[in-house]
Amino acid sequence: MLILLLSVTIFLPLVTMGLLILLSVLQVATPRTRMRTLLKLTGFTGFLCSFGLAVHGLCSPHMILVLDYGPAFTADQYAFEMIFRADRISIVFLFLIAGVGGLIGHFATTYMLGEPGEMRFGILLLLFVGGMNILVTGGTMDLLFVGWEFVGITSALLIAYFWERTEPVKGGLYAYGVYRVCDIGLLLAAVFIHDQTGTADLESALDLAHWSGGVPGYSVNLIAFLLVFAALGKSAQLPFMSWFPRAMEGPTPSSAIFYGALSIHAGAYLLLRTYPLVEQSMAARSVLVVIGIITAIVGTMCGRVQPGVKNQLAYATLVQSSLILAEIGLGFTDFALLHVVGHACIRTLQFLRAPSTLHDHHLMEKFASGHLPPPGLLFKRVLPMSLREPLYVLSLNEFELADLLQRFFVQPLCRLSARLNSFEEAWLDFLNSNTDRRGLSRAKTPGDHP
């Protein structure tokens, strides 16, 4: 029974996505109405199944469920294993994904009503939820990476949902470029783990007794730093935080589920899942704590000067995400998991209520019988006058992080990719020319010569 609940929770969003694509291709009558119905049914069913898993998880805290579908494909001595594993951390995230995903799906059926591309939004939302499910239940580094990539591509596409405008497209490409830079860390970590353990299975990789020749300190430190690097990009930490406010160009429902609840915490999940490795590297944990604290301070100052509600919420989310990563670095993993759940729930509500913020503020003033006290009084008391103006200007300009990120990360990666692409094309042309020459030489016979 539990295996059935786990299977439905993981795969139902992807099955529904396939049905929506089929409806679009076949041009079935009233596809949007059917999409709304399917979104509501999928969200409700997924929530019930994940709730059943959560109840069993509370009764049996050490319960581990495994779905092993064997290798999807093999190449030489490598096999891409389709192993899904649900333990305490995975079940918490599955319940959170199903609850928030179902709520956003139900909310979007009304909020996105009549929007051009409504079907596209529903398909991308289901792909994101399915990708998150794969990410949090992937039993191998390879499968985890697949879910990680699904989350990244759907995030970029939904930021650029209003493609007829310039800024959403720029924001989507900007976020995708940052993702590409930081995904290198996760990919290399998976390669090194496979090299050290001979397998991509997370259960074996996280059991340091399986490492060949003991546990080399340099290997653990390198892998831990690569995992931290990957998490920093997905969680919008320094120096990669500048893409996060630009992600608010997407629709409000996608902002709530991506940057208020789930996608922003994918980095935290990665570190929680691989914590037995990260724990062995004091240097990586120290860097994680320092970056988390600095990001929280910088994000707080930038959030104070934002004129838009969604940007203020974006920086508030970023601050909480950085504190969660700092908690993981300090070893408070259970507290960090609880922090993720609480923050995801409250921030989702705030993002969904963002269009009504002004109305809510007026109601609060009405009940308070006057104007509410302005925020930021602590900074006025602590900071001297000589520092307020330069910090205000820096905060308005986001500490020039966007230019630094473009100059030192995104542009070098684009140039490297272009050069590698040119080299690949030249190499293919060389191989094709040699093949053509061999084909011509074989086709010649003695009777062909004059």
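Looking only at segment 273-290, which residues are part of a helix (DSSP H, G or I) and crowded, with 21+ Cβ neighbours inside 10 Å? If you could, list the steps in order and put the result at the bottom.
Here is the first cut: in segment 273-290, the ones part of a helix (DSSP H, G or I) are 273, 275-278, 282-290.
Of everything in segment 273-290, those that are part of a helix (DSSP H, G or I) and crowded, with 21+ Cβ neighbours inside 10 Å turn out to be Arg273, Leu277, Val278, Ala284, Arg285, Leu288.
Yes or no, residue by residue, for (1) under 16 Å from Leu262 (Cβ atoms); (2) assigned by TED's automatic domain parsing to the domain that holds Ile328; (3) assigned to a helix (DSSP H, G or I); (4) without any contact (Cβ under 8 Å) to a residue 60 or more places away in the chain:
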| position | (1), (2), (3), (4) |
| --- | --- |
| Ile91 | yes, no, yes, yes |
| Phe95 | yes, no, yes, yes |
| Ala98 | yes, no, yes, no |
| Ile104 | yes, no, yes, no |
| Thr109 | no, no, yes, no |
| Glu115 | no, no, no, no |
| Leu125 | yes, no, yes, no |
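Has segment 54-69 got at least one residue that is closer than 17 Å to Leu143 by Cβ and out of contact with any strand residue (DSSP E or B) (no Cβ under 7 Å at 6 or more places or on another chain)?
For segment 54-69, residues closer than 17 Å to Leu143 by Cβ and out of contact with any strand residue (DSSP E or B) (no Cβ under 7 Å at 6 or more places or on another chain): absent.
Output the number of residues of segment 73-89 satisfying the condition of being outside any strand (DSSP E or B) and of a type outside the set (Val, Ile, Thr).
First, pick out the residues of segment 73-89 that are outside any strand (DSSP E or B): 76-77, 87-89.
When the remaining residues are screened for being of a type outside the set (Val, Ile, Thr), the result is 76-77, 87-88.
Number satisfying all stated conditions: 4.
Of the residues that sit in segment 348-357 and are free of Cβ contacts under 8 Å to residues at least 40 places away in the same chain and part of a helix (DSSP H, G or I), which one is surrounded by the most Cβ atoms within 10 Å (Cβ to Cβ)?
Leu349
So, Leu394, is that one surrounded by 12 or more Cβ atoms within 10 Å (Cβ to Cβ), modelled with pLDDT under 80 and in a helix (DSSP H, G or I) or not?
Values: surrounded by 12 or more Cβ atoms within 10 Å (Cβ to Cβ): yes; modelled with pLDDT under 80: yes; in a helix (DSSP H, G or I): yes.
When the stated conditions are applied, Leu394 passes them.
Within segment 306-327, which residues are over 15 Å from Gln350 (Cα atoms) and charged (D, E, K, R)?
Listed by number, the list holds a single entry, Glu327.
What are the pairs, 6+ residues apart or on separate chains, where a residue within segment 302-321 that is charged (D, E, K, R) has its Cβ under 9 Å from a residue that is modelled with pLDDT of 85 or more?
Close Cβ pairs satisfying both conditions: Arg304/Tyr315.
Output the residue which, of all residues in segment 166-198 that are more than 20 Å from the chain's Cα centre (by Cα) and touching a residue at least 40 places away in the same chain (Cβ under 8 Å), is surrounded by the fewest Cβ atoms within 10 Å (Cβ to Cβ).
Glu167
Within segment 331-338, can one find any residue that is in the same structural domain as Ala261 (by TED's automatic domain parsing), free of Cβ contacts under 8 Å to residues at least 60 places away in the same chain and touching a helix residue (DSSP H, G or I) at 6+ places or on another chain (Cβ under 6 Å)?
Within segment 331-338, one or more residues are in the same structural domain as Ala261 (by TED's automatic domain parsing), free of Cβ contacts under 8 Å to residues at least 60 places away in the same chain and touching a helix residue (DSSP H, G or I) at 6+ places or on another chain (Cβ under 6 Å).
The values are calculated or read from the model by the stated rules, or taken from the named source; none is laboratory data. All values reported here derive from a predicted model rather than from experimental measurement. Ideal geometry is used to build each Cβ from the backbone, glycine not excepted, and the neighbour counts take in all protein chains shown.
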